[in-house]
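In what follows, a single structure is set out as structure tokens and then discussed.
We did not get these values from a lab; they are worked out from the coordinates using the rules stated. Since we're looking at a predicted model, the values are computed, not measured. Note that we place each Cβ from the backbone using ideal geometry, even for glycine, and neighbour counts take in every protein chain shown.
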Amino acid sequence: MMAAGRAGERGKKVLLLEKNTRLGEKLRISGGGRCNIANAQFDTHLFLQKFGDTGKFLYSPFSQFSVQDTFDFFESRGLPLVVEAGNRVFPQTYKAEDVCGVMEEYMKKHNVTVLTHAPVSSIETSDSGISGVVVGGTLYVAENYLIATGGLSHPETGSTGDGFGWLEKLGHTIVKSTPSLVPLMIEEKWVADVSGVSLDPMRIVFFVDGKHQFAKKGRMLFTHFGISGPLIINSSLEIKKLLEVGTVEANIDMFPEMDHRILEKHILEVFDENKNKEFKTVFKSLAPSGMSDVLTNMFEGVTPETKVHSVSKKTRKQMVQLFKKLTITVKGLMGYDMAIISDGGVVLEEVDTKTMRSKLFDNLYFTGDLLHVNRPSGGFSLQLCWTTGYVVGESI
């Protein structure tokens, strides 16, 4: 939509072929329907550091359309943006539909023709490059072609990786796609019982075969299948690599601001004030919200009905250990249906990133998730789409 709108704005005659019944299905569900439209890191150098090794290919497109340009684009069209924690940017209305509305109006204003219910079945070539695309037996012919079919995440939106197959047939090198930013599946059954509970702050440490790998601190969400939240999702690429090595376990510290000694002292003080109450009642006031029912049953030598004055020193130490080191086992990563993005796609060595044009075909262009670019969650994927889309619309 960005590419089509910008090309139309420059007076080009543009046809957008959409296989769904309406445009922007993936955009409409982004950010849980609120649309994390960008990341408010205005220093391009620092922004592109988040893209790892592929960042070096992206300086040219981001010099043409930056994060500031994204703010200017939407706000000048009547959609103010707000910045939340982690520099996440949302429309002030918190409605992804409104972002789609801006893009559709942009294209309409600049005479872009949109054809829905139009799945492309094949791409035709000739000696001079791409010669046409086939939709339901009809051949559409143009001077230039942009493939903007996205990756494999959320296939229910129509993002089924069609572009990867076409481009492979055309001779482009395609890195195999895998779910990239996804929640983690956890072995322990009790996790499902605390689905919806979040721990904030918490610290999580990951191990492979008992060896420390890395630690992160922030917010984590339990789900019916495991754990999620931005901190976990942004660790999934590292976890995927660790799972190839051995057994991955994680220790959750539910009280990262308190060391063992201070936490034990706090527990003792609460116990002294509530000596004649039942363990389950007092424990509920100590445990993180929503966690007490599951954790109460993890102690030896004490029942939920045990009076607090009968709880041994050994059990108190068990409590400290549990609060500071709740162990879980990572079973795997969720699939494409739960992925925020998938990696894989056209290798950037085969793309002129000044224009987003194919180095194999002079009249073929790419945008967004079709490119093999790893990035974290938090608005980076959509910013990649706005930037590469604008560059294509400007260059084509």
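For a Förster distance of 30 Å, can you work out the FRET efficiency between the beta-carbons of Thr306 and Lys265, rounded to the nearest 0.05?
Details: r = 21 Å, r/R0 = 0.71.
The pair Thr306/Lys265 has a calculated efficiency of 0.90.
When the Cα centres of region 294-330 and region 55-95 are compared, how far apart do they sit, in Å?
For region 294-330 versus region 55-95, the Cα centre distance is 48 Å.
Would you be so kind as to identify which of Ile37, Asn20, Thr54 lies farthest towards the positive end of the dipole of region 1-66, taking Lys and Arg as +1 and Asp and Glu as -1 on Cβ and the Cα centre as origin?
Final value for the positive-end residue is Asn20.
Could you work out the longest stretch of the chain that avoids the GluC sites (Glu not before Pro) located in DSSP loops with at most 14 other Cβ atoms within 10 Å? Write out the running numbers ahead of the final one.
On the way: sites that count: Glu84, Glu143, Glu187, Glu188, Glu244, Glu257, Glu300, Glu305.
Answer from the scan: 306-396.
Counting only C-alpha contacts under 8 Å and six or more residues apart, can you give the relative contact order of region 183-334 as a whole percent?
32
Can you quote the Å³ per residue value for the convex hull of the Cα atoms in the chain, rounded to an integer?
Residue-normalised Cα hull volume stands at 151 Å³.
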